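The values are calculated or read from the model by the stated rules, or taken from the named source; none is laboratory data. All of these numbers come straight from a predicted model, not from anything done at the bench. Counting neighbours? That spans all protein chains shown, and the Cβs are built from the backbone with ideal geometry, glycine included.
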Amino acid sequence: MFDSHVAVLLDQAVSLVNTLTDGEARGRAYTAPRGAELPDAIDAAVSRTAASLPRTIDAVQAEHLVRTAQCLREVFQAMQDGRTDAAAETVNGLLRDSGARPRLGRSGDESWQMHFHGANDSFAAGCSAGCATALALAVGGGLAGRLGVCRADRCDRVYVDTSRNAARQFCSTACQNRTKAAAFRARKDAGG
């Protein structure tokens, strides 16, 4: 499966997409935060352990991450639709635009860690590079089928399937339960 660092970056990608893109979530319309709400929403969406860069999120960086989230969503949707070539092209664009480049880095006495951004990159550039690289490792590493879009009615949130049997179809237990309850009601109505 994914190593722990890549798993954190994939979780970060999921969180950015689900926080920063409009759509539907758990049966309701979802409007992503905008304007002055964006920096706090981004701060909440990105794990403190996932980014080694200073967390100054101004309006320019916030908009950068909104654009990144929209591209990340395209990758998840392409994989859901079986369009691996389209996903790969979008990931390549993200890698190019983010300036992703692997390097080892550390703070103080911490152990060396793999980073996919330059030491002086902005928070937004670093997050974008990390997410792009994690998706590249998934799409190019035979695990692209683990990227999904919720199959529940009126939900388009994304997820990474980390189950053993690769059978996940929903972004959350709430969506899975909603779908099962609807199927039960439909069977009950049809039978009696």
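On inspection, Thr133 qualifies as surrounded by 14 or more Cβ atoms within 10 Å (Cβ to Cβ), in contact (Cβ under 8 Å) with a residue 60 or more places away in the chain and not aliphatic (A, V, I, L, M).
A Cβ distance below 8 Å, combined with a sequence gap of six or more or placement on separate chains, defines the contacts here; from the range 87-111, residues that are over 13 Å from Leu137 (Cα atoms) and without any contact (Cβ under 8 Å) to a residue 24 or more places away in the chain reach no residue that is of a type in the set (Lys, Arg) and exposed (fewer than 11 other Cβ atoms within 10 Å of the Cβ). A Cβ distance below 8 Å, combined with a sequence gap of six or more or placement on separate chains, defines the contacts here; from the range 181-192, residues that are under 17 Å from Ala152 (Cα atoms) reach residues that are of a type outside the set (Gly, Ala, Ser) and surrounded by 10 or more Cβ atoms within 10 Å (Cβ to Cβ) in the pairs Ala182/Asp153. If you check Leu20 against the conditions, is it touching a Gly at 6+ places or on another chain (Cβ under 6 Å), in contact (Cβ under 8 Å) with a residue 24 or more places away in the chain and either closer than 23 Å to Gly99 by Cβ or not charged (D, E, K, R) (or both)? Considered against the rule, which asks whether it is touching a Gly at 6+ places or on another chain (Cβ under 6 Å), in contact (Cβ under 8 Å) with a residue 24 or more places away in the chain and either closer than 23 Å to Gly99 by Cβ or not charged (D, E, K, R) (or both), Leu20 comes out as no.
Restricting to the range 78-110, name every residue that is among the small types (Gly, Ala, Ser), at pLDDT 90 or above and not in a helix (DSSP H, G or I). Within the range 78-110, Gly82, Gly99, Ala100 meet the criteria. Among the residues of the range 46-60, the ones that are closer than 14 Å to Leu20 by Cα and either surrounded by fewer than 20 Cβ atoms within 10 Å (Cβ to Cβ) or at pLDDT below 70 (or both) come to 1 in all. Within the range 138-171, if we keep just the residues that are crowded, with 16+ Cβ neighbours inside 10 Å and either at pLDDT below 90 or polar (S, T, N, Q) (or both), the residue that is nearest to His5 (Cα to Cα) turns out to be Leu143. Among the residues of the range 120-135, those identified as closer than 22 Å to Pro39 by Cα and hydrophobic (A, V, I, L, M, F, W, C) are Phe123, Ala124, Ala125, Cys127, Ala129, Cys131, Ala132.
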